[in-house]
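To keep things clear, I will list the structure first and then write my remarks on it.
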Amino acid sequence: MRIRLPFELLVALRFLREGRTQSLLILGGVTAGVAVTIFLTHLIGELQSSIIERVLGSQPHVVIRPPDEINRRALPDAPGTLAIDQPRAQRLRPVDQWESVAKLAAATPDVVAVSPLVTGPAFALRGEASKSVALMGVEPDAYRRIVLMDKYLTAGRFAPSGTNAVIGIELAKDLGASLGDRIRVQTAGGREEVLTITGLFDIGNRDLNRRWVFVSLRLGQSLLDLAGGVSQVDLRVTDIFEAEAIARPLADATGLKVESWMTTNAQLLAGLKNQSTSLNLIRSFVTLIVALGIASVLVVSVVQKQREIGILRAMGAGRRQLLAVFLIQGALVGSVGSALGASLGWGLLQIFASVFRNGDGTPIFSPELPADIVIGACLIATVVGTLAAMIPARRAASLDPVDAIRS
Amino acid sequence: MTQPVIRLAGIRKSYNIGTEVEAEILHGIDLDIAAGEFVALIGPSGSGKSTLLNLVGLLERATAGRIEIDGIDTATQDDVGLTRLRNRSIGFVFQFHHLLPAFSALENAMMPGIIAEGRATDAHEAAARELLRRVGLEAHSHKKPNQLSGGQQQRVAIARALLLGPRLILADEPTGNLDTHTADEIFALMREVNRERGSACLIVTHDPRLAERCDRSVRMVDGLLYT
Ligand SMILES: Nc1ncnc2c1ncn2[C@@H]1O[C@H](COP(=O)(O)OP(=O)(O)O)[C@@H](O)[C@H]1O
Ligand SMILES: [Mg+2]
């Protein structure tokens, strides 16, 4: 048995086939539009996530610190007094009642990890070498959920406890130390300890690789003279772009200084936003151009097919049927074009990924195309195609049979 | 008394109403055609014959008067109702055949059925093939209109008009552009179907020989009908 297409689809397909050149041209337009959209969306998405990953890979999303110490004037200002406020140097201070703050943070929705940290300056010494470092006293299990230390570890384990320490590869090189070696740390308060290196990390940032020395929270507290206290509480959240929205109420509730990565990296954020805005602008223009292209081709088609429309009407085709005939043409051009466009976009990506590579041979961009981008673009193209066909379709439906035939 | 298939009473048609070039083309037409009747509509060019046929074929609305098709007052019908009547009750053969160029002869002949059912059916295909055989085109059913001669195209148009067995067949100079031999053949075919199926036929023709072979003739002169 032959497949019997519904009237509207049958006529739509024949009309498209009849105006072959126009149909192919507009199909090409939709294909190019969808390919460009998919390609750019994926590229910029990849770019942004790699930038974000690089920045947030070694940073908590939200940090809770003690409030800044501000100068308070002992005497009220006399009228006309000129006062110069010099900000005070901030000394190492603990977060007030950090356990209850941590509990509050942990109970906040969308906060997935909470990690106390005591950090302060120290010197790392070995033989002749003496390096200025940042002592990081952490609870390893909590901290590795803030910064994915296990991923960055090049040797040993991330498990500072007792006098075991984990240091960066640069510092190890500077001190001429390696796994199992001992180093001495000295703090400004004059305390010191001999540590055993049980882990080495490479966090992808030379400065941090040189400065961070991880010890247990307890050892950090005693070396930095902050018994029982922590200098900050780090948080990780589910949606990084919600970090600021999560930080603000916490600040209000605790009276502490709560900063999200979004405020500390305001420029980066602005850059990402600009990039997203440009992407959306490009996508909107491409969509608009594709819509105008489909609409104009179909408007011409309605004029060219006026006689046929009249014949169909005279034979008893209803206005709605003719409306559907042209809407379907728009939808067909949109959906077939987007299927072709998705393939083309995917092909471009494969070429791009194989040509442009990082120094180590891995592709700069993942050639894997997320399904949601493809489905989104195809859906939009099909809907836009159908909507763009609305004006010509209504014109076709409004033609009176006799006028259509006479012309 | 049996109900006529067409009943026209006081039909008037004006164009460009409300403008300076307003013109009344039909000045009050009365006409009844019974089932099985084969009526010739003759008259000089420009007298309003096509205009009348278009009104009866429900392709446009009259300015005044009453058109009944099979007892249905068309003034009471909305666009959907008129569309349905066009599809089921009327077979229209245009002067210039008006086939759809993107479809084969068979598909063109099936088109009223495809419209009626929403898609082609085996029954329509069988009926269309039978009609094409009757008009001598069975060997050409797969051809597109532009591969057929004028006479062949007109025969496809007749097959198309007859497909759903309409109560009323309207033909506007169906043989006007054909040689005498082909014209006679086509006329004979329409007459045959009219006798077989008992449909009412109104056929515009300039050919007095053909008009003579009809049941009766009506003459249009300057927008008035004389019997
Ligand atoms: N849409 C229209 N607007 C204005 N005048 C029209 C229109 N259609 C037909 N006419 C006029 O009506 C008259 C009758 O035309 P028509 O019915 O085609 O005549 P016939 O078929 O008898 O040759 C002609 O003078 C024609 O110019
Ligand atoms: Mg005429």
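Things worth noting here:
- In order along the stretch A:43-54, phi translates into HN-Hα couplings of 4, 5, x, 5, 4, 5, 5, 6, 5, 4, 4, 5 Hz, rounded to whole numbers, per the Karplus curve 6.51 cos²θ - 1.76 cosθ + 1.60 with θ = phi - 60° and x for Gly and Pro.
- Crossing angle, helix A:98-107 versus chain A [Cα axis fit, 0-90 degrees, rounded to tens]: 20 degrees
- Take chain A and mark each of the GluC sites (Glu not before Pro) that is in a DSSP loop with at most 14 other Cβ atoms within 10 Å; the longest unmarked stretch, sites excluded, is A:129-367.
- Relative contact order (percent, whole number), chain A, Cα cutoff 8 Å, 6+ residue spacing: 24 percent
- Shown here are the Rg and Dmax of the Cα trace of chain A, at 32.5, 103 Å.
- Proximity of backbone amide H atoms, modeled 1.01 Å from N, is registered between A:Phe201 and A:Thr154, A:Ile167, A:Gly168, A:Ile169 at under 5 Å, excluding neighbours fewer than 5 places apart on the same chain.
- Shown here for the stretch B:58-135: chymotrypsin sites (Phe, Trp or Tyr not before Pro) in loop regions (DSSP other than H, G, I, E, B) with at most 16 other Cβ atoms within 10 Å, namely B:Phe96.
- For chain B, the spread of Cα positions along each principal axis, largest first, Å: 50, 43, 38
- Net charge of neighbours whose Cβ lies under 11 Å from the Cβ of A:Leu200, counting Lys and Arg as +1 and Asp and Glu as -1: -1
- When +1 charges are put on Lys and Arg Cβ atoms and -1 charges on Asp and Glu Cβ atoms, the dipole computed for chain A relative to its Cα centre reaches about 1480 debye.
- For B:Ser14, distant residues with modelled amide H under 5 Å away: B:Ile25, B:Thr63
- For B:Arg119, distant residues with modelled amide H under 5 Å away: A:Phe7
- Chain A, helix-only ellipticity at 222 nm - DSSP H runs n ≥ 4, -39,500 (n - 2.57), divided by all residues, nearest 500: -17500 deg cm²/dmol
- Scattering curve values for the stretch B:134-189, log₁₀ I(q)/I(0), Debye with Cα scatterers, q = 0.19, 0.30 Å⁻¹: -0.68, -1.38
- Per-residue ³J(HN,Hα) for the stretch A:345-355, Karplus 6.51 cos²θ - 1.76 cosθ + 1.60, θ = phi - 60°, Hz, x for Gly and Pro: x, 5, x, 4, 5, 4, 4, 4, 5, 7, 7
- The lysine pair tally for the protein assembly as shown, using Cα distances under 30 Å and a gap of 8 or more places or different chains, is 13.
- GluC sites (Glu not before Pro) lying in DSSP loop within the stretch B:1-59, provided at most 16 other Cβ fall within 10 Å: B:Glu20, B:Glu22
- Each DSSP beta bridge with both residues in the stretch B:146-227 is either parallel or antiparallel, and the antiparallel ones are about 40%.
- Sequentially through the stretch A:241-250, phi angles give Karplus couplings (6.51, -1.76, 1.60; θ = phi - 60°) of 7, 9, 4, 5, 5, 7, 5, 4, x, 5 Hz, Gly and Pro residues having no value and appearing as x.
- Cβ-based net charge around B:Leu164, under 14 Å, with every Lys or Arg adding one and every Asp or Glu removing one: +2
- Relative to the globular-protein estimate of 2.2 N^0.38 Å, the Cα radius of gyration of the stretch A:278-396 stands at 1.42.
- Between the Cα long axis of helix B:180-197 and the first principal axis of chain B there is an angle of about 80°, rounded to the nearest 10.
- Chain A: angle of helix A:266-304 to the longest principal axis, Cα-based, in degrees nearest 10: 0 degrees
- When +1 charges are put on Lys and Arg Cβ atoms and -1 charges on Asp and Glu Cβ atoms, the dipole computed for the stretch A:210-347 relative to its Cα centre reaches about 680 debye.
- Taking every C-alpha pair closer than 8 Å and separated by at least 6 residues, the mean separation divided by the residue count of the stretch A:182-284 gives a relative contact order of 15 percent.
- Share antiparallel - DSSP beta bridges, the protein assembly as shown, percent rounded to 5: 70 percent
- Between the listed residues A:Ala102, A:Phe15, A:Gly359, the Cα displaced farthest toward the positive end of the dipole of chain A, a dipole computed from Cβ unit charges relative to the Cα centre, is found at A:Phe15.
Each reported figure results from applying straightforward, stated rules to the coordinates on display, with no laboratory input. This is a predicted model, so every value here is computed, not measured. Neighbour counts are summed over all protein chains in view; Cβ atoms, including those assigned to glycine, are modelled from backbone coordinates with ideal geometry.
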